[in-house]
1. Consider residue 324 carefully, then state whether it is part of a strand (DSSP E or B), open to solvent by 20 Å² or more (accessible area, probe 1.4 Å) and either small (Gly, Ala, Ser) or out of contact with any Cys (no Cβ under 9 Å at 6 or more places or on another chain) (or both).
2. Does segment 400-412 contain any residue that is in a helix (DSSP H, G or I), within 22 Å of residue 10 (Cα to Cα) and in contact with a Pro (Cβ under 7 Å, 6 or more places away or on another chain)?
3. Just to verify a result, which residue in segment 161-176, among those that are of a type in the set (A, V, I, L, M) and over 25 Å from residue 290 (Cα atoms), is farthest from the ligand (Cβ to nearest atom)?
4. Can you go through 190, 149, 186, 144 and tell me which one is modelled with pLDDT of 95 or more, open to solvent by 10 Å² or more (accessible area, probe 1.4 Å) and assigned to a helix (DSSP H, G or I)?
5. Residue check, residue 169 against (1) outside any helix (DSSP H, G or I); (2) among the aromatic types (Phe, Trp, Tyr); (3) in contact with a Pro (Cβ under 9 Å, 6 or more places away or on another chain); (4) more than 16 Å from residue 32 (Cβ to Cβ), all met but one. Which one?
6. Being crowded, with 20+ Cβ neighbours inside 10 Å and in contact with a Leu (Cβ under 8 Å, 6 or more places away or on another chain) is the filter here, so list the residues in segment 353-391 that pass it.
7. Looking at residue 102, is it open to solvent by less than 30 Å² (accessible area, probe 1.4 Å) and in contact with a Pro (Cβ under 6 Å, 6 or more places away or on another chain)?
8. Every residue in segment 409-423 that is within 11 Å of the ligand (Cβ to nearest atom) and either open to solvent by 10 Å² or more (accessible area, probe 1.4 Å) or of a type in the set (A, V, I, L, M, F, W, C) (or both), please.
Amino acid sequence: MIFPENFVWGAATASYQIEGAVKEDGRGQSIWDTFSHTAGKVAGGDTGDVACDHYHRYRDDVRLMRELELGAYRFSISWPRVQPDGSGPVNPRGLAFYDRLVDELLAAGITPYVTLYHWDLPQALEDAGGWAERDTAYRFAEYAEAVHAALGDRVRDWATLNEPWVAAYLGYGSGVHAPGRRDPAAALRAAHHLLLGHGLAARRLRDAGAQSLMLVVNSAPVLTPAQVNDPSAVPGAADAAAAHRVHALLTRQFLDPAVHGTYPEEVLEAAERNGGAAHILDGDLELINAPIDLIGVNYYNPCVVEAGPGEPADAAWPGSEDVRFRAADAPTTAMGWPIVPDGLSRLLLRLSEDYRLPLMVTENGAAFDDVVEDGHVHDDDRVSYLEGHLREACRAVEAGADLRGYLVWSLLDNFEWAEGYRRRFGIVHVDYATQARVPKDSALWYRDVIRRNGL
Ligand code: FCB
């Protein structure tokens, strides 16, 4: 199975998950500093204070990427390094880190893919209402422009937001992520303001000459239990309606406004039932509908639902009344996430059809309970996860999806949000006591995939 010529192969990380150095060079506080330092929020009381110490070890990490022959590296910028309080003049020492990182990557022949927001909102903006406030969208656009002004001479590929669904609904709905609020109306407002921030930032970056812009979403095929193992299963009307609604809440909520300039009616109805839609102003959809070049797709597992008459809405899913979320009948990773590789091909084909844009898998990977033996990690389970998903990515290409690249999550084991360090997603093992990096078998396997541009 060979991928198209010029297919982009790489790995992804995010600032708070790997950098550490949270008090250095004028960095301000983010909502993840506050959240992880609040008792009971993160497994084991873990924080990103040190993480992989990438802030100091980035040169070694780039060398490792080169040894693994990665063509691309997707990382995110920590907003509070650039603007400690989320607005106003930039902090040159914070920006200088990314400047050095980009130069190091380019010198190693690795293309930088910059994500501007991977969840570390400056705490000062959260104190003013966070993403539930409209003003945050405007602050984000200013920040985006400032980062582009510093790196835009060398960085061609930009993503505005990572997974706005997660930022809005786990951050403000279920509260399992920072800032830990549990308010469905605030979550719906946050989702809209994230989208507005995306549109405003995309316009500014484009005006400033950015060549390639994308929005990165966590998407998944929404399936009924029977469809997990049998794609041809035809669900009954009530189950099909439940899946249709959840698909609107998960994926169409973000991609319809960004790509088509419209909201699905399911989202407007969810807003009407949760505080109203007065925060969606005339003209917002036009602003959100800024041209993008690619859709970034983060895929881990399908979403499985059925009709559940009388079920209240899940805290993370305002608008999901009368839906029952189900486990999939499939083996799981250490996160308990079902392994359904052909969910990826089903998803890529659906997105191609609905949005007709080039796609990139910006995250895909798995956590397993790795063991180091004599300096090796024989993570066959991760290799088979990746191989299964790459096979499906290739099938989607053969069936017509315009897939431009694949970035594995993650380069390094890292701070896995509410799960802390106990979940390891890296293709490179990190010993947090010594900061030693050991490429797992999956990293060496992935290098060979890259070499032959396929499986
Ligand atoms: C995604 C996040 C990423 C990582 C993976 C496992 O939702 O974007 O930071 O935590 O999940």
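1. Criteria met by residue 324.
2. Within segment 400-412, not a single residue is in a helix (DSSP H, G or I), within 22 Å of residue 10 (Cα to Cα) and in contact with a Pro (Cβ under 7 Å, 6 or more places away or on another chain).
3. The qualifying residue farthest from the ligand (Cβ to nearest atom) is 176.
4. So the residue among 190, 149, 186, 144 that is modelled with pLDDT of 95 or more, open to solvent by 10 Å² or more (accessible area, probe 1.4 Å) and assigned to a helix (DSSP H, G or I) is 149.
5. (1)
6. If the condition is that a residue be crowded, with 20+ Cβ neighbours inside 10 Å and in contact with a Leu (Cβ under 8 Å, 6 or more places away or on another chain), then 359, 360, 361, 362, 363, 364, 365, 366, 389, 390 are the ones that fit.
7. yes
8. If the condition is that a residue be within 11 Å of the ligand (Cβ to nearest atom) and either open to solvent by 10 Å² or more (accessible area, probe 1.4 Å) or of a type in the set (A, V, I, L, M, F, W, C) (or both), then 409, 415, 416, 417, 418, 419, 423 are the ones that fit.
The values are calculated or read from the model by the stated rules, or taken from the named source; none is laboratory data. Keep in mind that this is a model prediction, so the values were computed, not measured. Virtual Cβ from ideal backbone geometry, glycine too; neighbours counted across all protein chains shown. Only protein heavy atoms, including side chains, enter the accessible area calculation; ligands, DNA and RNA are left aside. Shrake-Rupley method; radii C 1.70, N 1.55, O 1.52, S 1.80 Å.
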